[in-house]
Amino acid sequence: MDRTFVMVKPDGLQRGLVGEIVSRFERKGLKIVAARFEKLPESRVSDQYREHISKPFFPSLKQYIMGGPVFLMVWEGRNVVSIVRKVIGATNPQEAAPGTIRGDYGIDIGRNVIHASDSPESAAREIALHFKPEELCTYTRIDESVLYEY
Ligand code: UDP
Ligand code: MG
């Protein structure tokens, strides 16, 4: 089964959106296999966003992500990486479709509530960056036999 890394950013957490966000993924049929509440150290923020280090927005991005605790999660399901990117919506909440998390809860690109891995390769890297293998729980959700066609 596929896995992806998701993080409720400090604005989402301080606005009380963790429960709503977890609920949206649960209702979709995705399975939570790891979670942790944490204030991220600078090194891990830089590693998480390493492809953006040279970009002009990187200093403000780092300050934003380190501005408070975040809620880190790993979600599992068939094709979960692309499903979760669709559920969170476009990077800029002004362009994100209504019904998506960013479309429903954000306004500014620099306060866009949530992060999710953009490819299976990023997902594997980001999961390993934030979680030890033994922190990922393997279990069967009771509705899996009716959720999936095969
Ligand atoms: N970001 C920003 N300004 C920009 C582009 C990105 O503040 O012009 C921030 C924003 O928080 C975004 C993160 O940097 O979520 C990573 O950017 P990316 O293009 O990877 O978007 P994402 O994968 O989060 O949709
Ligand atoms: Mg990205």
* Asked: Taking Ile32, is it more than 12 Å from ligand 1 (Cβ to nearest atom), part of a strand (DSSP E or B) and either closer than 30 Å to Val146 by Cβ or in contact with a strand residue (DSSP E or B) (Cβ under 7 Å, 6 or more places away or on another chain) (or both)?
  -> yes
* Asked: Where in the stretch 43-150 are there helices (runs of 4 or more DSSP H), lying wholly inside it, with at least 1 residues that are within 11 Å of ligand 1 (Cβ to nearest atom)?
  -> 58-65, 80-88, 101-105, 120-130
* To do: Could you please tell me which pairs satisfy a Cβ distance under 8 Å, a separation of 6+ or placement on different chains, a first residue in the stretch 50-70 that is closer than 14 Å to Asn112 by Cα and modelled with pLDDT of 95 or more, and a second residue that is more than 8 Å from ligand 1 (Cβ to nearest atom) and not in a helix (DSSP H, G or I)?
  => Ile65/Leu40; Val70/Met7; Val70/Val8; Val70/Phe37; Val70/Glu38; Val70/Lys39; Val70/Leu40
* Structure fact -> Of the residues in the stretch 69-90, those that are over 12 Å from the mean Cα position of the chain (by Cα) and over 21 Å from Glu144 (Cα atoms) number 2
* **Test result for Arg50, exposed (fewer than 13 other Cβ atoms within 10 Å of the Cβ), more than 12 Å from the chain's Cα centre (by Cα), more than 16 Å from Arg3 (Cβ to Cβ) and within 16 Å of ligand 2 (Cβ to nearest atom)** => yes
* Members of the stretch 84-116 that are among the basic types (Lys, Arg) and surrounded by fewer than 21 Cβ atoms within 10 Å (Cβ to Cβ) -> Arg85, Lys86, Arg111
* Structure fact -> Arg78 fails exactly one of (1) over 15 Å from Phe25 (Cβ atoms); (2) away from ligand 2 (no atom under 14 Å from the Cβ); (3) basic (Lys, Arg), namely (1)
* Asked: Looking only at the stretch 91-123, which residues are under 19 Å from Ser46 (Cα atoms), within 15 Å of ligand 2 (Cβ to nearest atom) and over 13 Å from the mean Cα position of the chain (by Cα)?
  -> Ile109, Gly110, Glu121
* **Any hit, the stretch 7-22, residues being of a type in the set (D, E, K, R), exposed (fewer than 15 other Cβ atoms within 10 Å of the Cβ) and part of a helix (DSSP H, G or I)** => yes
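The values are calculated or read from the model by the stated rules, or taken from the named source; none is laboratory data. These figures come from a predicted structure and were not determined experimentally. All Cβ positions, even for glycine, are placed from backbone atoms using ideal geometry, and neighbour counts span all protein chains on display.
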